[in-house]
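Each value in this text was obtained by applying a stated rule to the coordinates, not by laboratory testing. The shown structure was predicted, so the numbers you read here are calculated from the model rather than taken from an experiment. Backbone-built Cβ (ideal geometry, glycine too); neighbour counts: all protein chains shown.
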Amino acid sequence: MRIDSAAMPSLSTRASAEPGAAFDAIAQQLDAFDPMHMKVEEMIAEGDRVAVRLTMSGVNSGAHPRMPEPTHREFTVEAIFLVTLRDGRIAEMRAVSDRLGLFLQLGWDWPQAG
């Protein structure tokens with residue numbers, strides 16, 4: 001299933017409340033990590049809210065804003081997604097992932113405080 005068919009066009013995230021901005025962020029991730037796999041480990045739903053714990057794995061095969069040159073290294077990290085559903089589609093999505101683990105596995109430099 002494609003994210004654009006599962007999510008509302010106005011999908012928002014904590015990073016950007018701009019309607020639809022999440023699609024650009026998701027596209028950047030998919031372009032930078034191909035192949036990318038997401039395995040659902042656990043899912044809990046209550047009302048219109050769903051919490052999903054998953055394992056993400058893949059290869060850094062494309063450019064990413066944090067690393068313009070791909071490393072071609074593999075990674076496996078855990079993430080938690082919290083989604084709000086409206087009319088059977090994802091209306092809001094928030095995620096927390098193991099970025100330190102991702103950066104270490106890919107050999108990326110940790111961003112310095114501004």
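At-a-glance table
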quantity: Efficiency of FRET from Cβ geometry, SER97 and ASP48, R₀ 25 Å, rounded to 0.05; calculated: 0.60
quantity: Whole-percent pair-distance distribution, where bins are 5 Å wide, for the alpha carbons of region 18-114; calculated: 3, 12, 19, 23, 19, 13, 8, 3, 0
quantity: Summed residue charge, Cβ within 14 Å of GLY58's Cβ, Lys/Arg positive, Asp/Glu negative; calculated: -3
quantity: For ARG73, residues with placed amide H under 5 Å, excluding near neighbours; calculated: ASN60
